[in-house]
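Read the structure below first, then the notes.
The values are calculated or read from the model by the stated rules, or taken from the named source; none is laboratory data. Quick caveat, the model's predicted, so the values are computed rather than measured. Backbone-built Cβ (ideal geometry, glycine too); neighbour counts: all protein chains shown.
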């Protein structure tokens, strides 16, 4: 809310959009007033439609908690909950309620905080608010003591996280299985509305994706020239196979910088 989104925020919103149940809209970066305050996600239950919350393919316990609308604040694996966050979110909830007081009763607006884990900072903030958390279901806790229904979703504790690669990804930052292809499509897809490369956390996210690949997968499709791009001339010798290294003249190896020479000889000794 109010801060520049990270790459993780974009993935979280896309996950909600793709896996929401029928009957919901998911809007991102929604201005709450004429001031530059923005909510991470606004959930809107469509009027007059049949409730089909059970068809959600992500966070199945969240959607039934929303009577009409919900403001969702997501804390990513790289931007954790900080002191004062809950107070700011409550002020945004009050602002949104004030903007829509004629059509929206407090009970119809849910405030949702989605966090990777249940931290000491979060519990201290709850105490400062004069509120308390009440367990509702695995991964979901009711925040009591506010004018609105408020919920804390601990993403890593949601049962789905044990079997859903995508939810595990936005909860823990671990990219594996189905989430790898999904993240690649949403990070590099031609239809991206945002310039992902400009977002905070983008390089780290891409690094996590690359780390999950095998060496063969990283190099697939690259030409020999592309595989050596960025390497200094002397470092390119390290890209040669052991078989080719054994054929190099000793005089050539001796002419290389010491750190390159030692690495080559260490490989040949193995």
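Identify, please: which residue in region 111-151 is out of contact with any strand residue (DSSP E or B) (no Cβ under 6 Å at 6 or more places or on another chain) and part of a loop (DSSP other than H, G, I, E, B) and is, among those, surrounded by the most Cβ atoms within 10 Å (Cβ to Cβ)?
116
Consider residue 6 against the criteria (1) touching a helix residue (DSSP H, G or I) at 6+ places or on another chain (Cβ under 6 Å); (2) crowded, with 18+ Cβ neighbours inside 10 Å: it satisfies all of them except one. Which criterion is unmet?
(1)
Is there a residue being under 14 Å from residue 65 (Cα atoms) and in contact (Cβ under 8 Å) with a residue 24 or more places away in the chain anywhere in region 114-127? If you could, list the steps in order and put the result at the bottom.
First, pick out the residues of region 114-127 that are under 14 Å from residue 65 (Cα atoms): 114.
Filter once more, so that each one left must be in contact (Cβ under 8 Å) with a residue 24 or more places away in the chain: 114.
Taking every residue of region 114-127 in turn, at least one turns out to be under 14 Å from residue 65 (Cα atoms) and in contact (Cβ under 8 Å) with a residue 24 or more places away in the chain.
Being modelled with pLDDT under 90, over 27 Å from residue 37 (Cα atoms) and in the same structural domain as residue 38 (by TED's automatic domain parsing) narrows it down to one of 157, 162, so name that one. Walk me through it before giving the result.
Working: 157 fails: modelled with pLDDT under 90.
From the options 157, 162, the qualifying one is 162.
Tell me which of these residue 145 doesn't satisfy, since it passes every other one: (1) in contact with a helix residue (DSSP H, G or I) (Cβ under 9 Å, 6 or more places away or on another chain); (2) in contact (Cβ under 8 Å) with a residue 24 or more places away in the chain; (3) closer than 30 Å to residue 46 by Cα.
Of everything listed in (1) in contact with a helix residue (DSSP H, G or I) (Cβ under 9 Å, 6 or more places away or on another chain); (2) in contact (Cβ under 8 Å) with a residue 24 or more places away in the chain; (3) closer than 30 Å to residue 46 by Cα, residue 145 misses just condition (2).
Can you name the number of the only condition in (1) assigned to a helix (DSSP H, G or I); (2) in contact with a helix residue (DSSP H, G or I) (Cβ under 7 Å, 6 or more places away or on another chain) that residue 243 fails?
Of the numbered conditions (1) assigned to a helix (DSSP H, G or I); (2) in contact with a helix residue (DSSP H, G or I) (Cβ under 7 Å, 6 or more places away or on another chain), the odd one out for residue 243 is (2).
Quick check: is even one residue across region 71-84 more than 18 Å from residue 122 (Cβ to Cβ) and either in contact (Cβ under 8 Å) with a residue 24 or more places away in the chain or in the same structural domain as residue 114 (by TED's automatic domain parsing) (or both)? Before the answer, list the steps.
We begin by selecting, within region 71-84, every residue more than 18 Å from residue 122 (Cβ to Cβ); these are none.
So far as region 71-84 goes, no, none of its residues is more than 18 Å from residue 122 (Cβ to Cβ) and either in contact (Cβ under 8 Å) with a residue 24 or more places away in the chain or in the same structural domain as residue 114 (by TED's automatic domain parsing) (or both).
Of the numbered conditions (1) in contact with a strand residue (DSSP E or B) (Cβ under 7 Å, 6 or more places away or on another chain); (2) under 20 Å from residue 103 (Cβ atoms); (3) surrounded by fewer than 22 Cβ atoms within 10 Å (Cβ to Cβ), residue 49 satisfies every one except a single condition; which is it?
(1)
Just one of the numbered conditions (1) surrounded by fewer than 17 Cβ atoms within 10 Å (Cβ to Cβ); (2) over 19 Å from residue 142 (Cα atoms); (3) under 23 Å from the mean Cα position of the chain (by Cα) is not true of residue 99; which one?
(3)
Of the numbered conditions (1) surrounded by 11 or more Cβ atoms within 10 Å (Cβ to Cβ); (2) not in a helix (DSSP H, G or I), residue 265 fails exactly one; give the number of that condition.
Here residue 265 meets the rest and fails (2).
Just to be sure before I move on: is residue 201 under 16 Å from the mean Cα position of the chain (by Cα), closer than 25 Å to residue 114 by Cβ and modelled with pLDDT under 80 in the structure I sent?
Values: under 16 Å from the mean Cα position of the chain (by Cα): yes; closer than 25 Å to residue 114 by Cβ: yes; modelled with pLDDT under 80: yes.
Criteria met by residue 201.
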